[in-house]
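Take this structure, written in structure tokens, and hold onto it; I'll ask about it next.
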Amino acid sequence: MYRVINRLLVIILAIIFLVPLVWAVITSFTPSSEVITRANPFFIKNPTFINYISAWDTIPFLQYYWNTLVIVLGILAVQMLTVTLAAYAFARLNFIGQSFIFIIFLVQIMIPPDILIFPNYSIMKELNLIDTKLAIMLPYWASSFGVFLLRQTFKQIPLELDEATRVDGCRWYQTLWYVYLPSAKPTYIAFGLISISTHWSNFMWPLIVTNTVESRPLTVGIAIFAQSFETGAQWGTVTAATVLVILPLLTAFFVFQRQFVESFMHSGLK
């Protein structure tokens with residue numbers, strides 16, 4: 001009985017979260033003259049691709065896609081290095097204040113990023129990095145959530161494997177490379193998806209720290225584009241642009257869905 005209720009709740013929540021996405025996709029194929037006047041918001045009388053053509057011709061998508069890819073992959077690459085080293089230290093090394101320092105890392109998870117906008121902006125201004133991709137990336141090169149997630153995975157790896165590698169003459173970085181990284185592959189995939197989706201959709205910090213097309217990511221570019229259509233007459237074009245923004249994320253999630261779920265199961269998170 002409880003299992004049936006849980007499944008029903010999951011289905012209901014899935015439908016609630018799916019409705020806005022379905023509406024956006026349908027509206028993106030709806031002529032602008034019919035977006036407001038159509039009787040059924042989930043039915044298209046005259047489907048068209050003109051909204052996508054208009055959005056692509058109006059917005060410098062190639063530049064925005066390039067900016068976003070550089071930012072997202074730049075953040076992810078450095079995060080993979082920092083969270084791996086920190087997680088290995090917390091999972092396997094013994095040093096003074098280990099537990100206290102790890103608690104400080106966990107506290108950072110509860111700090112809203114918006115609180116740090118002003119100090120981060122001041123630092124970027126002092127470094128003359130305003131309106132650069134590097135300014136967007138720097139505050140996110142460390143991830144307390146990634147350290148916690150990867151530490152949980154590393155602690156589940158038997159210590160006997162460490163001892164076996166030491167007997168074979170491996171140094172700590174070789175043990176990390178040949179033992180820990182392959183064993184934590186699902187966790188890396190899950191963290192990678194979380195990092196990519198978070199920074200792909202990040203809006204407030206890039207909006208504040210960028211001023212030109214050469215540095216703006218997709219989210220800021222789409223927001224500036226949508227401001228010119230506040231009357232609602234061009235919502236078909238706006239939703240088409242939105243679909244183009246979220247399409248890579250949806251594709252990545254469906255491709256790596258199984259690894260994403262398995263990683264949280266292996267890490268002990270519910």
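The values are calculated or read from the model by the stated rules, or taken from the named source; none is laboratory data. None of these values were measured; they are calculated from a predicted model. Please note: Cβ atoms are built from the backbone with ideal geometry, for glycine as well, and neighbour counts cover all protein chains shown. Keep in mind that these areas ignore ligands, DNA and RNA; they rest on the heavy atoms of the full protein, side chains included. Shrake-Rupley method; radii C 1.70, N 1.55, O 1.52, S 1.80 Å.
Those residues that are open to solvent by less than 70 Å² (accessible area, probe 1.4 Å), touching a residue at least 60 places away in the same chain (Cβ under 8 Å) and not aliphatic (A, V, I, L, M), I need them from the stretch 122-147; list them, please.
Asp131, Thr132, Lys133, Pro139, Tyr140, Ser143, Gly146
Got at least one residue in the stretch 119-131 being part of a loop (DSSP other than H, G, I, E, B) and under 16 Å from Val78 (Cβ atoms)?
Initial filter on the stretch 119-131 (part of a loop (DSSP other than H, G, I, E, B)): 127-131.
When the remaining residues are screened for being under 16 Å from Val78 (Cβ atoms), the result is 129.
Yes - at least one qualifying residue is present in the stretch 119-131.
Still on this model: Under 6 Å between Cβ atoms, which residue pairs at least 6 apart in sequence (or on different chains) link something in the stretch 198-213 that is touching a residue at least 12 places away in the same chain (Cβ under 8 Å) and of a type outside the set (Val, Ile, Thr) with a partner that is surrounded by fewer than 17 Cβ atoms within 10 Å (Cβ to Cβ) and not in a helix (DSSP H, G or I)?
These pairs meet every condition: Asn211/Asp131.
OK, next. Could you tell me which of the residues Ala55, Ala87 is out of contact with any Cys (no Cβ under 8 Å at 6 or more places or on another chain), within 29 Å of Phe191 (Cα to Cα) and assigned to a helix (DSSP H, G or I)? Walk me through how you get there before you give the answer.
Values: Ala55 fails: within 29 Å of Phe191 (Cα to Cα).
The unique qualifying residue is Ala87.
Please specify each residue of the stretch 1-30 satisfying the condition of being within 30 Å of Ser54 (Cβ to Cβ) and either open to solvent by less than 80 Å² (accessible area, probe 1.4 Å) or aliphatic (A, V, I, L, M) (or both).
First, the residues of the stretch 1-30 that are within 30 Å of Ser54 (Cβ to Cβ): 17-30.
Result: Leu18, Val19, Pro20, Leu21, Val22, Ala24, Val25, Ile26, Thr27, Ser28, Phe29, Thr30.
I need a count of the residues in the stretch 108-148 that are under 15 Å from Asn202 (Cβ atoms) and aromatic (Phe, Trp, Tyr).
Summing the residues that are under 15 Å from Asn202 (Cβ atoms) and aromatic (Phe, Trp, Tyr) in the stretch 108-148 gives 4.
When both residues are 6+ apart or on different chains and their Cβ atoms are under 6 Å apart, which pairs have a first residue that lies in the stretch 46-61 and is under 10 Å from Ser28 (Cβ atoms), and a second that is open to solvent by 90 Å² or more (accessible area, probe 1.4 Å) and modelled with pLDDT of 85 or more?
none
Same structure, new question: Select from the stretch 60-101 the residues that are more than 30 Å from Arg216 (Cα to Cα) and among the hydrophobic types (A, V, I, L, M, F, W, C) and list them in ascending order. Spell out how you get there, then give the answer.
Within the stretch 60-101, the subset more than 30 Å from Arg216 (Cα to Cα) is 85-101.
Answer for the stretch 60-101, where residues must be more than 30 Å from Arg216 (Cα to Cα) and among the hydrophobic types (A, V, I, L, M, F, W, C): Leu85, Ala86, Ala87, Ala89, Phe90, Ala91, Leu93, Phe95, Ile96, Phe100, Ile101.
What's the number of the condition Ile111 fails, among (1) free of Cβ contacts under 8 Å to residues at least 12 places away in the same chain; (2) assigned to a helix (DSSP H, G or I)?
Ile111 satisfies every listed condition except (2).
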